[in-house]
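The values are calculated or read from the model by the stated rules, or taken from the named source; none is laboratory data. Remember, predicted model here, so these are calculated numbers, not experimental data. Methodologically, a virtual Cβ is constructed for each residue, glycine included, from the backbone with ideal geometry; neighbour enumeration extends over all protein chains shown.
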Amino acid sequence: MRRSPKDTEESTRRITRRGLMLGGAQVAVMAVLAARMRKMQLEDADQYRLLAEGNSVKIRLIPPARGLIFDRNGVLLAGNEQNYRVTITREDTDDVEATLAELRRLIPITDADAADILHDIRRRPPTTPVTVADRLTWDEFSRVAVNGPSLPGVNPDVGLSRLYPRDDDFAHVIGYVGPVSDFDLSKMEDPDPLLLIPKFQLGKSGIEAKEEAVLRGEAGQRRVEVNSAGREMRELSREPGKPGENIQLTIDYRLQNYALQRLEEESAATVVIDVTNGDVLACASAPSFDPNLFVRGISVADYRRLTQDDHRPLADKTVQGLYPPGSTYKMVTALAALEAGLVTPEETVWCPGYVEIAGRRFHCWKRAGHGHVNMTKSLEQSCDVYYYELSQRVGIDKMSDMARRLGVGVKPDLPMSAVKEGVAPTKEWKQERYGKDWLIGDTANAAIGQGYVLASPMHLAIMAARIASGKKVEPRLIRARDGVEQPVHVSDDLGIEKSYLDSVRKGMTAVVNSARGTARGSRIEMKEWLMAGKTGTSQVRNITKAERARGVIRNDQLPWNRRDHALFVAFAPIDNPRYAVSVVVEHGSGGSTAAAPIARDVLLFALAGGLPPDDAYPSSARAKAKELNDSLDLVDPESVQKPQARSRA
């Protein structure tokens, strides 16, 4: 059928419109492709040229500077030093063994080290750099850098390594860092890529470990161009990382230095707390060790020397050591009895030298007895029978409840390693722990800080601070983070009647300052600094009935590790308490002879802000005190630099 001219014209119009639409779409697509090609060929040409040259753009992580640690005065306790090192990346070298052999011509690498390096390279991902050598001298580092073109995959690098300028003074508090180990990585579900950097340093103990997350910082990165041999040609871009936070401690470096030296060669610990705010001013455990040994890789001989020492230098006795508190615990028993209304301060108990409880004889330390004793005299002369009697009235539950209110049997919230909770025992605790019933004799033993009761020097310092202040003092070890002051936790009141606390304080004052006080020889003579305290001696062995009948063996006739522990707690000044102190001397025999003089001297140093005047000591002790102080190698404050810490406040 023949189409009309009108139909033909309409069909032609439709075809033309469709053709124009299709042509427009084709032009648009071509324009987009042309624009994309222009961007790739002109704007992104360098980037794609690099990618085309055998995957020659590499991303390298930049380790951040680890946060610094300062004392309360701004003195550097943990810093960073430059470290020249050399790494090798398996992906960037065709023959690792040949490259390593070339390196051994330039820098000292032993056969054993070379074997370890090859083992490490094979078990790491091919893209992970492995440290071949660190702590190189400038000459050694320069030789590697100059010979770089012939060492594919080798990268000379300048990093940072931890340094502890105060050596052993803060080893237990701050701890130390060390290279990340496979064991460290195995404990993490999604480890930070930073930890895969060769020889990256991770906190292993103390504040370094507890505050690792904030001290570590955040990694930066750089994009580098490498040639076909794996040598870095140029840096394309760099994004700096975020350094770790700086931490300021509450500890005073001079007091810490003095306290550690004052402990001399003893296996001992001392803690000083500011009773007004809970600041830990000194936290010394002796003997100590040099944490720099661990940063640099401790030798087998050095590690064996530390682990085989019977004085346990690696243990932080201030928070990890648990000891029967002995007679320093008698304030707990006294306060529990006073609060329960079961005794008055003036009421007396007869002490003939022993007491019969449940068919068993419990002895006082003074064989002839103390006669009639009230609360003040019981503390002054440390009468055991008085507290055996109170224990039968009060019971273990009230005693242990009071202990926990004073900080014993409660884990201190401190960023330190393996902080112990201690033991303030109850009937339920013994049944759960040992599957045995509580005995009346257990209560008698607990009343004088023996038996199941255990406390650390930190617990005892907290107890002394709470008795001195009447407030729930909580220890604080970190004063500020990057200049931001951390909160102080001191509640208004312990909930113990002031009159009860005054009765106990009166007894503690008599311990040190009365004519018959067990610590009179360690008193402070200056009236504005008078000290109150309590001696303690805790047995580490059982004394049999037969031995008691023929005469108890003297401590100085026993092997060192079977002698009694010596303890002392104190606070000063009496009228307006500022500092509380605890001292534990392992196997020191007697609290009055071994622990009290140390506590007195440490308190005097804190009160005086340095070595005290001679007239602060009893006249009979001045010559010995001067000789001792002159023999100490104390830090000179004029020689200590105080670098300025950056602040994010």
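Against the conditions (1) in contact (Cβ under 8 Å) with a residue 60 or more places away in the chain; (2) surrounded by 17 or more Cβ atoms within 10 Å (Cβ to Cβ); (3) farther than 21 Å from Ala461 by Cα, Cys383 satisfies every one except (1). Restricting Ser327, Ser288, Ser299 to residues that are over 19 Å from Ser267 (Cβ atoms), crowded, with 17+ Cβ neighbours inside 10 Å and small (Gly, Ala, Ser) narrows the list to Ser327. Residues in the stretch 491-523 that are out of contact with any helix residue (DSSP H, G or I) (no Cβ under 8 Å at 6 or more places or on another chain) and not hydroxyl-bearing (Ser, Thr, Tyr): 5 in all. The single condition from (1) modelled with pLDDT under 95; (2) farther than 30 Å from Val214 by Cβ that Asp482 fails is (2). Contact map, the stretch 143-159: first residue touching a residue at least 60 places away in the same chain (Cβ under 8 Å) and outside the structural domain of Leu106 (by TED's automatic domain parsing), second residue outside any helix (DSSP H, G or I) and surrounded by fewer than 20 Cβ atoms within 10 Å (Cβ to Cβ), Cβ cut-off under 6 Å, separation 6 or more or different chains; the map is empty.
Residues checked against (1) in contact with a Leu (Cβ under 7 Å, 6 or more places away or on another chain); (2) polar (S, T, N, Q):
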| site | (1), (2) |
| --- | --- |
| Asp134 | no, no |
| Asn147 | yes, yes |
| Leu160 | no, no |
| Phe170 | yes, no |
| Tyr176 | no, no |
| Asp184 | yes, no |
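Consider the stretch 55-97 and keep the residues that are part of a loop (DSSP other than H, G, I, E, B) and of a type in the set (A, V, I, L, M). The one that is nearest to Ala209 (Cα to Cα) is Leu68. Pairs only if they're at least six apart or on different chains, beta carbon under 7 angstrom, first in the stretch 472-489 and closer than 14 Å to Ile69 by Cβ, second of a type in the set (Asp, Glu) and assigned to a loop (DSSP other than H, G, I, E, B); list them, first residue then second. Once the first residue is closer than 14 Å to Ile69 by Cβ and sits in the stretch 472-489, its partners that are of a type in the set (Asp, Glu) and assigned to a loop (DSSP other than H, G, I, E, B) give Arg481/Glu245; Asp482/Glu245.
Scanning the stretch 130-177 for residues that are under 21 Å from Ile117 (Cβ atoms) and part of a loop (DSSP other than H, G, I, E, B) gives Asp134, Arg135, Leu136, Thr137, Asn147, Leu151, Pro152, Gly153.
Quick grid of which residues meet (1) over 26 Å from Ala403 (Cα atoms); (2) buried (at least 17 other Cβ atoms within 10 Å of the Cβ):
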{"site": "Gly483", "(1), (2)": "yes, no"}
{"site": "Leu494", "(1), (2)": "no, yes"}
{"site": "Ser503", "(1), (2)": "no, yes"}
{"site": "Met508", "(1), (2)": "no, yes"}
{"site": "Val511", "(1), (2)": "no, yes"}
{"site": "Gly517", "(1), (2)": "no, yes"}
{"site": "Arg520", "(1), (2)": "yes, yes"}
{"site": "Trp529", "(1), (2)": "yes, yes"}
{"site": "Thr535", "(1), (2)": "no, yes"}
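Residues in the stretch 606-617 that are in contact with a Leu (Cβ under 6 Å, 6 or more places away or on another chain) and within 13 Å of Val272 (Cα to Cα): Ala606 only. Condition check for Gln221 on (1) among the polar types (S, T, N, Q); (2) in the same structural domain as Ala608 (by TED's automatic domain parsing); (3) part of a strand (DSSP E or B): one failure, at (2). I'd like the full set of residues that are over 19 Å from Thr333 (Cα atoms) and touching a Cys at 6+ places or on another chain (Cβ under 9 Å), limited to the stretch 347-370. Selection gives Pro352, Gly353, Lys366, Gly369.
Please find, within the stretch 430-444, the residue that is farthest from His172 (Cα to Cα) out of those that are part of a helix (DSSP H, G or I), free of Cβ contacts under 8 Å to residues at least 24 places away in the same chain and not basic (Lys, Arg).
That would be Gln431.
Residues that are surrounded by fewer than 21 Cβ atoms within 10 Å (Cβ to Cβ) and either free of Cβ contacts under 8 Å to residues at least 24 places away in the same chain or among the hydroxyl-bearing types (Ser, Thr, Tyr) (or both): does the stretch 162-172 have at least one? No, the stretch 162-172 contains no residue that is surrounded by fewer than 21 Cβ atoms within 10 Å (Cβ to Cβ) and either free of Cβ contacts under 8 Å to residues at least 24 places away in the same chain or among the hydroxyl-bearing types (Ser, Thr, Tyr) (or both).
Scan (1) at pLDDT below 80; (2) out of contact with any strand residue (DSSP E or B) (no Cβ under 6 Å at 6 or more places or on another chain); (3) part of a strand (DSSP E or B) for the single condition Met233 breaks and write down its number. Among (1) at pLDDT below 80; (2) out of contact with any strand residue (DSSP E or B) (no Cβ under 6 Å at 6 or more places or on another chain); (3) part of a strand (DSSP E or B), the lone unmet condition for Met233 is (2).
Go through the stretch 356-390 and give me each residue that's closer than 19 Å to Gly441 by Cα, at pLDDT 95 or above and among the aliphatic types (A, V, I, L, M). Listed by number, the residues that qualify are Val385, Leu390. Scanning the stretch 371-393 for residues that are over 42 Å from the mean Cα position of the chain (by Cα) and either among the charged types (D, E, K, R) or closer than 13 Å to Lys330 by Cβ (or both) yields one hit, Val373.
Among residues of the stretch 563-586 that are closer than 23 Å to Val552 by Cα, those with a beta-carbon under 8 Å from a residue that is part of a loop (DSSP other than H, G, I, E, B) and polar (S, T, N, Q) at least six positions away or on a different chain give the pairs Arg563/Ser589; Asp564/Gln539; Asp564/Ser589; Ala566/Ser589; Val585/Ser267; Glu586/Ser267.
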